[in-house]
Amino acid sequence: MKIAMVGSGYVGLVSGACFADFGHDVVCIDKDQSKIDRLHQEIMPIYEPGLDALVDSNVKAGRLSFTTDLADGISGAQAIFIAVGTPSRRGDGHADLSYVYAVAQEIGDSLGHDAVVVTKSTVPVGTGDEVERIIRSSGTPHRVSVVSNPEFLREGAAIGDFKRPDRIVIGAEDDFGREVMSEVYRPLFLNESPILFVNRRSSELIKYAANAFLATKITFINEMADLCEKVGADVQDVSRGIGMDGRIGAKFLHAGPGYGGSCFPKDTLALLKTAEDYDSPTRIVEAVVKVNESRKRAMGRKVIDALGGAMVARGRKVALLGLTFKPNTDDMRDSPSIAIAQALADAGVQMAAYDPEGMEQARPLMPKVEMCESPYAAIEGADAVVIVTEWDAFRALDLDRVRSLVKAPLLVDLRNIYNPDDVRAKGFTYESVGRA
Ligand code: UDX
């Protein structure tokens, strides 16, 4: 089966490479000539574990190719995916759909055969209707079905998530759409991944509701963490204790500095806008967005307090370990580290940082932070070491070496990756999240 993937960013590229790996014939299309040129040389535009090898083997097998020419790329494709960005529109938080609609227009103008057009981009409820209207208004004589098929990929684990999904959601309005999508996902279906067929609007909402729910779960445990600190409880134990209840579930109950990334912040805001447009307030999500925003800066204050308060903190040096919003990505979008670095800079704190993949993207976002070659270089002479992102490389730091390099042995672990007793036994003052 031939599949066209319009948009070769994170979602498009991972999905395209995985579909090719299933045996489909995939063309990834992007307007960005330099990105396509680099893909031809097998230089990945993003850091995602396993992606380069997957692209390499499927290009070599002749199942995966890249082009900037949309008309040529979609020619003969039974399924044409739209996987372009839907960033937050400046000023109002609405998802910016201009790229999606521009692609729909181009597809309508150049379609030469019957096809199913699939929105994989995260789009607000009703977008599929508009995509269909745009394509039909081009006057195409061919049979077109517009389907919604949201992605649930986590950065850093995207290939595994694609190949072993909890579920595949297909929002289709007719049999043509359902049949082609069944064929697209047949390899996963044979692997017994559940496929949920729903109507298009339900599918569009499922994506936002899933992300808003996960963001709520994280924010809930983060507030519990604050309470744990006050009452002398341990949030790790509280998480385990509630997560063992099958109705709650153990995942996404890890307290930390607040969620970031390319999805949760943008999608929760867009859901609020949809709720507002339809006059159906989602007050829980409103609270989640506010609590998470203030939490990120509060983490900066936590570090300042650990240093002994604002008066003492001024002029002190802090080492930030990890800058990306989570490990195994180079993505800095809405990372808590940005707000933390800002709060520390405002308090006159000097900063050095190390991140295994994110420093290039981080540099322009935090100009006052000195980027270092290794965690130990960042730690040298520090009055506090702060673990911001739980990269594996920070899980087993040589604490004796850290101790010998720092000016003061203070470790602030915003991801709870250390055992407090172990760290204290090495002579450190240890602060973490939700553990008194
Ligand atoms: C998320 C969704 O998981 C995915 O299904 C969707 O398609 C895109 O958005 P992603 O943003 O890549 O994926 O990362 P995820 O692993 O979900 O983490 C998001 C943020 O929440 C990170 O900042 C992470 O550190 C934080 N988080 C996650 C927590 O603080 N605690 C947790 O228990 C889980």
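For the structure I just gave you, tell me whether residue 147 is within 16 Å of the ligand (Cβ to nearest atom) and within 15 Å of residue 15 (Cβ to Cβ).
no
Is at least one residue of the range 74-90 open to solvent by 60 Å² or more (accessible area, probe 1.4 Å) and farther than 27 Å from residue 40 by Cα?
yes
Just one of the numbered conditions (1) touching a helix residue (DSSP H, G or I) at 6+ places or on another chain (Cβ under 6 Å); (2) surrounded by fewer than 19 Cβ atoms within 10 Å (Cβ to Cβ); (3) touching a residue at least 40 places away in the same chain (Cβ under 8 Å) is not true of residue 131; which one?
(2)
Please tell me if residue 303 is over 20 Å from the mean Cα position of the chain (by Cα) and either touching a residue at least 60 places away in the same chain (Cβ under 8 Å) or assigned to a helix (DSSP H, G or I) (or both).
So residue 303 passes the test.
Going by the structure shown, is residue 301 open to solvent by 70 Å² or more (accessible area, probe 1.4 Å) and outside the structural domain of residue 222 (by TED's automatic domain parsing)?
yes
Across the range 238-272, which residue is nearest to the ligand (Cβ to nearest atom) among those that are over 21 Å from residue 152 (Cβ atoms) and part of a helix (DSSP H, G or I)?
By that ranking, first place goes to 239.
Could you tell me which of the residues 156, 126, 108 is within 24 Å of residue 277 (Cβ to Cβ), open to solvent by less than 30 Å² (accessible area, probe 1.4 Å) and of a type outside the set (S, T, N, Q)?
126
So the check is Cβ under 7 Å with 6+ separation or different chains; which pairs have a first residue in the range 205-220 that's at negative phi and a second one that's open to solvent by 50 Å² or more (accessible area, probe 1.4 Å)?
So the pair list comes out as 210/152; 214/252; 216/284; 217/252; 218/252.
So which of 128, 160 is within 16 Å of the ligand (Cβ to nearest atom) and assigned to a helix (DSSP H, G or I)?
160
Does residue 401 satisfy the criteria of being within 17 Å of residue 306 (Cβ to Cβ) and in a helix (DSSP H, G or I)?
no
Mind counting the residues in the range 370-392 that are more than 22 Å from residue 425 (Cβ to Cβ) and either touching a Ser or Thr at 6+ places or on another chain (Cβ under 9 Å) or part of a loop (DSSP other than H, G, I, E, B) (or both)?
8
Here is a list: 121, 148, 137. Which entry is hydroxyl-bearing (Ser, Thr, Tyr) and over 30 Å from residue 47 (Cα atoms)?
After ruling out the rest, the residue left standing is 137.
Going residue by residue through the range 25-39, is there one that turns out to be open to solvent by 20 Å² or more (accessible area, probe 1.4 Å), over 24 Å from residue 142 (Cα atoms), in contact with a strand residue (DSSP E or B) (Cβ under 6 Å, 6 or more places away or on another chain) and not polar (S, T, N, Q)?
No, because not a single residue in the range 25-39 is open to solvent by 20 Å² or more (accessible area, probe 1.4 Å), over 24 Å from residue 142 (Cα atoms), in contact with a strand residue (DSSP E or B) (Cβ under 6 Å, 6 or more places away or on another chain) and not polar (S, T, N, Q).
The values are calculated or read from the model by the stated rules, or taken from the named source; none is laboratory data. Keep in mind the model is a prediction, meaning the values are calculated, not measured. A quick note on method: Cβ atoms are made from the backbone with ideal geometry, for glycine too, and the neighbour counts reach across all protein chains shown. Side chains included, ligands, DNA and RNA excluded: accessible areas come from the protein's heavy atoms. Shrake-Rupley method; radii C 1.70, N 1.55, O 1.52, S 1.80 Å.
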